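To start, the structure under review is shown below, and the notes come after it.
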Amino acid sequence: MASITTILSTVFLSVFSVVGIRTADEPNYQVLNDYDNIQIRQYPPLLVAQTQVTGDYKTSGNQGFKRLAGYIFGDNQAQQTIEMTTPVMQEQKESEFIEMTTPVLQQHVGDVWTMAFMIPSSYTLATVPKPLDPEVKLTELPSKKVAVLSYTGRLTEANIQEKSTELQTWLSEHHYTPLSPAQSAAYDPPWTVPFLRRNEIHIEIK
C-alpha cells in the first residue's frame with residue numbers, strides 16, 4: 001500500500017502549486033472572536049465526503065486518503081455535467097473530477113478515525129456525483145460555532161493530541177462548552193516545510 005505521504009502528494013498536487021502555495025478554495029466562515037492562535041468561528045452548512053476507518057493513525061490515514069482521493073479523482077457516478085467556477089474534467093468512463101477544497105478533516109474516537117474532504121459550495125447533496133465506493137459517504141453538515149487552534153509543524157498523531165489537549169484546556173478555562181471531539185484540519189501539501197505549515201484543531205462549541 002502506498003504511504004500516506006505518497007497519497008497526500010497525489011491529492012495535494014492537484015490543488016497546490018509546486019512551491020507549496022495554497023490555491024484550493026476554503027469554506028467561508030465568520031470570525032466571532034480572535035485570541036491570537038485561537039479563534040471562535042461560525043461556519044455555514046458544509047457538504048463533505050467522509051469515510052471511517054478502524055486502526056492506528058498511519059493505517060487509517062493511508063486507507064482513508066485512498067478512498068476519498070479515489071472519489072474526487074473519478075471513482076464516482078456522474079449524473080450530469082456540472083458547471084463550476086473551478087475546473088471540471090470529464091473522463092472516458094463518464095466520471096467527473098471534483099475540485100478539492102481545504103481543509104482535510106480528521107477525527108479520532110476510540111479506535112475509529114473519520115476523515116473528510118470538503119466539497120465545493122457549487123455542489124449540493126442533490127447534484128454532487130455519487131460515490132461508487134460504499135465506504136465513502138456524502139454528508140451535509142449544519143452551520144456550527146467552532147473553536148479553532150492554529151499551529152505550525154509536522155502533522156503527527158502526537159502533535160494532534162498535544163494541541164487537542166491544549167484547546168480543550170483553553171475552552172475549560174474560558175468557560176466554553178465543547179459539543180464535539182477534537183478534529184485535525186490540514187491545509188498544506190506534505191512537502192511544505194514544517195514552520196510554514198498551517199494546521200488546526202477544531203472543536204464545536206455551544
key: Meets criteria (β-branched (Val, Ile, Thr), in a strand (DSSP E or B) and at pLDDT 90 or above) for VAL128   = no
message = Show the residue pairs meeting these rules: Cβ distance below 7 Å; 6+ apart or different chains; first residue within segment 24-40 and crowded, with 17+ Cβ neighbours inside 10 Å and at pLDDT below 85; second residue part of a loop (DSSP other than H, G, I, E, B) and hydroxyl-bearing (Ser, Thr, Tyr).
response = ASP25/THR86
query = Which of the residues belonging to segment 172-206 are of a type outside the set (Ser, Thr, Tyr) and buried (at least 19 other Cβ atoms within 10 Å of the Cβ)?
reply = ALA182, GLN183, ALA185, ALA186, ASP188, PRO189, ASN199, GLU200, ILE201, HIS202, ILE203
request  = Inspect all residues belonging to segment 181-200 and state whether any of them is acidic (Asp, Glu) and under 26 Å from ASP75 (Cα atoms).
outcome  = yes
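The values are calculated or read from the model by the stated rules, or taken from the named source; none is laboratory data. As the structure is a computational prediction, the values presented were derived from the model and not from experiment. Cβ coordinates were reconstructed from backbone atoms using ideal geometry, including for glycine residues, and neighbour counts include every protein chain displayed.
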